[in-house]
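Participant: Sharing a structure, written as structure tokens. Questions coming.
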Amino acid sequence: MTKKTGGWLESIKTVVYAGLIAVGIRTIAFEPFNIPSGSMIPTLQVGDYLFVSKYAYGYSRHSMPLSPDLFSGRILGSLPERGDVAVFKLPRDNSTDYIKRIVGLPGDRIQMRAGRLYVNGQEVPREALGPYTVEGDGPRMTVRLFRETLPPGPDGGPQVRHEILEQTDNGPYDNTPEFVVPAGHVFAMGDNRDNSLDSRDMISGVGFVPLENLVGRAERIFFSVDGSAAWYEVWAWPFAIRWSRLFMAVR
């Protein structure tokens, strides 16, 4: 009987230790996220699963499960690079996870004019790449694909080149006032410019994102499915996997 009880205790201890290790890794190293919407197409597709580095910007209460109110600000904090794809908690509720591209840093002036992005008064160059068919996020449609080149941050760094989508140059967020990013905040936008609720909407959208709300930087896609197979269609699972996206770096 004692041996049996000891066996149960050892099993419970093993489960507890494994849980603590998993929580520790999730808190300080990497956390998996999935993409449920098309606001970051073409960079991220609906059905992508990716790892987010928790250490990239330091740690806040949002680095921990359930965002316990244990402290304010960030520990070992650092600014994102302009162009980073980051996960953050929606400022309006501090609980919903959003993923967008950081285009504005503290002190930056951000504006959209006729669908073109301006950073500190300078138009961000973009190159037309032709038509692009959006699938898996509502009705199938063909839009325009561009390669945009963001300027480096105030401390230098690389010029980030990434792809964006535009359906029209006169959408709801294609012409905005000039936003001045306040200290301690960043400005985030989706790469699917006409289908993204982001910092361009200060009232019912994202608005400025406090640095404290940053969860981490998107690093690499580890799995991706196109949604064509239901959970019970085991025979169709291999054909639903986007094999070419596996282990792709997020840029």
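The values are calculated or read from the model by the stated rules, or taken from the named source; none is laboratory data. Only a predicted model underlies this, so the values are computations on that prediction, with no experimental measurement involved. Every residue, glycine among them, receives a Cβ derived from its backbone with ideal geometry; neighbour counts consider all protein chains shown. Just so you know, the surface numbers come from the protein's heavy atoms only, side chains and all, with ligands and any DNA or RNA stripped out. Shrake-Rupley method; radii C 1.70, N 1.55, O 1.52, S 1.80 Å.
Participant: As a check on your grasp of the helix formula, calculate [θ] at 222 nm for the chain: sum -39500 (n - 2.57) over DSSP H runs of n ≥ 4, divide by the residue count, round to the nearest 500.
Facilitator: Using -39500 (n - 2.57) per qualifying helix, the result is -4000 deg cm²/dmol.
Participant: Per residue of the stretch 224-230, in order, report the coupling 6.51 cos²θ - 1.76 cosθ + 1.60 (Karplus, θ = phi - 60°) as ³J(HN,Hα) in whole Hz, putting x for Gly and Pro.
Facilitator: 7, 10, 8, x, 7, 10, 6
Participant: Cα centroids of the stretch 33-84 and the stretch 115-176: how far apart, whole angstrom?
Facilitator: 22 Å
Participant: Net charge near ASN120, counting Lys/Arg +1 and Asp/Glu -1 over other residues with Cβ under 13 Å of its Cβ? Please report the intermediate quantities before stating the final value.
Facilitator: On the way: positive: ARG82, ARG109; negative: ASP108, GLU123, GLU178.
Once positives and negatives cancel, what remains is -1.
Participant: Using θ = phi - 60° and the Karplus relation 6.51 cos²θ - 1.76 cosθ + 1.60, list the HN-Hα couplings for the stretch 245-251 in order, rounded to whole Hz, with x at every Gly or Pro.
Facilitator: 8, 5, 6, 6, 6, 8, 9
Participant: Which residue, ALA236, VAL160, VAL186, has the largest displacement toward the positive end of the dipole of the chain when charges sit on each Cβ (Lys, Arg +1; Asp, Glu -1)?
Facilitator: Result: ALA236.
Participant: Let me ask something else. Per residue, how many Å² of accessible area does the stretch 113-178 show with a 1.4 Å probe?
Facilitator: About 57 Å² of surface per residue is accessible.
Participant: Another question, if that's okay. Add +1 for every Lys or Arg and -1 for every Asp or Glu among the other residues with Cβ under 15 Å from the Cβ of ILE203, and state the total.
Facilitator: Numbers: positive: ARG92, ARG200; negative: ASP93, ASP198, ASP201.
Net local charge, ILE203 excluded: -1.
Participant: Between LEU117 and residues 5 or more places away or on another chain, which pairs have amide H atoms under 5 Å apart, with H built 1.01 Å from N, and which residues are they?
Facilitator: VAL124
Participant: Using modelled backbone amide H atoms (1.01 Å from N, in-plane), which distant-in-sequence or interchain residues come within less than 5 Å of PHE222's amide H?
Facilitator: Under 5 Å from the amide H of PHE222: TYR49, LEU50, PHE51, PHE247.
Participant: From the list (1) 43, 38, 34; (2) 110, 37, 22; (3) 77, 48, 33, can you say which value of Cα extents along the principal axes in Å was derived from the structure given?
Facilitator: (3)
Participant: Considering the stretch 203-250, what Rg and Dmax in Å follow from its alpha-carbon atoms?
Facilitator: Every Cα atom of the stretch 203-250 included, Rg and Dmax give 16.6, 46 Å.
Participant: What does the net charge come to around HIS162 if you take all other residues with beta carbon closer than 9 Å to its beta carbon, with K and R at +1 and D and E at -1?
Facilitator: Computed value for this residue: +1.
Participant: Output ³J(HN,Hα) for the stretch 32-45: one whole-Hz value per residue in order, computed from phi by the Karplus curve 6.51 cos²θ - 1.76 cosθ + 1.60 with θ = phi - 60°, and x for Gly and Pro.
Facilitator: x, 9, 10, 9, x, 9, x, 5, 10, 5, x, 4, 10, 9
Participant: Against the 2.2 N^0.38 Å scaling, with N counting residues, where does the stretch 120-251 land? I'd like the Cα-based Rg ratio to two decimal places.
Facilitator: My calculation over the Cα atoms of the stretch 120-251 gives 1.26.
Participant: Order the peptides 131-139, 219-227 from the highest to the lowest mean number of other Cβ atoms within 10 Å of their residues.
Facilitator: Output ranking for 131-139, 219-227: 219-227, 131-139.
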